[in-house]
1. How long are the semi-axes of the equivalent ellipsoid of segment 2-192, taking √(5λ) for every eigenvalue λ of the Cα gyration tensor, in whole Å from largest down?
2. With axes computed from alpha carbons, what is the tilt in degrees of helix 172-192 against the longest principal axis of the chain, rounded to the nearest 10 within 0 to 90?
3. May I ask which residue of 25, 126, 52 lies farthest towards the positive end of the charge dipole of the chain, with charges of +1 (Lys, Arg) and -1 (Asp, Glu) on Cβ and the Cα centre as origin?
4. What angle, in degrees between 0 and 90 and rounded to the nearest 10, separates the Cα long axis of helix 91-101 from the longest principal axis of the Cα atoms of the chain?
5. So if I place +1 on the C-beta of Lys and Arg and -1 on the C-beta of Asp and Glu, and nothing else carries charge, what would the dipole magnitude of segment 1-146 be about its Cα centre? I want it in debye, nearest 20.
6. Just to be sure I understand: with springs between alpha-carbon atoms less than 10 Å apart, which residue in 51, 129, 18 has the highest mean-square fluctuation in the Gaussian network model of the chain?
7. Over the chain, what relative contact order in percent results from Cα pairs under 8 Å that are six or more residues apart?
8. Once you put a point 7 Å from the Cα of residue 32 and another 7 Å from the Cα of residue 100, both along the Cβ direction, what distance in nm separates them?
Amino acid sequence: MNLLLATRNDHKLREFARLLGGIRLDPLPAGLEAPEETGETYADNALIKARAAALATGRPAFADDSGIEAEALGWRPGVRTARFAGDNASDGENLAKLHREAPAGSRARYVCVIAHVTPAGEEHLFEGRCEGTLAAEPSGEGGFGYDPYFEPHGFTCTMAELRAMDKNRISHRARAAAAMRDFLAGYLRASERPSA
């Protein structure tokens, strides 16, 4: 199976390639601009990107949107995760703002929604969550974004300190990807069945 991932972000392509083992992924073709994410929810933003890619290429495409949510901040930053400290903020600036504003031990969660869209207009959404708490201090070199500040339930380390095999099992993106992978496997089996 071959799928179009509506991004040219190498990190995201590599991560989804690991999570969707056996499915070949192609990036967004050069010259095709990713649309602006103007949605109010993760699903809105994922659909905006997947719809645009499927329409422009005539191929089934998928895209994701994800973020971190802290209970102490009313479950923000949510869809503004990448712009929490400002529209052009770095990962470090976003992390520092969360560390300042949300106390250690606060309940938090990562959320990911994947949208899969076909050129015929079929749309499916898959959500994954990873629950945890915010650490006392950022720690760890792995991962990216807010991973050094997020301690997933069941572990005594941050997401940035997790082994890759553990992260690929429990992360929000891993869970959403597994749901899509199961759907696609069922879809393929159904399409290969001889008609009556």
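Read-outs throughout are calculated quantities, based only on the coordinates presented, and are distinct from any laboratory measurement. Being a predicted model, the structure only gives us computed values, none of them experimental. Using ideal geometry, Cβ is built from the backbone for each residue, glycine included, and neighbour counts are taken over all protein chains shown.
1. Working: eigenvalues 172, 68, 40 Å².
Those come to 29, 18, 14 Å.
2. It works out to around 10 degrees.
3. 25
4. 50
5. Numbers: 16 positive and 22 negative charges, 48 e Å.
It comes to approximately 220 debye.
6. Top of the fluctuation ranking is 18.
7. Numbers: 380 pairs, mean separation 33.1, N = 196.
Relative contact order comes out at 17 percent.
8. Reported label-point gap for residue 32 and residue 100 is 4.0 nm.
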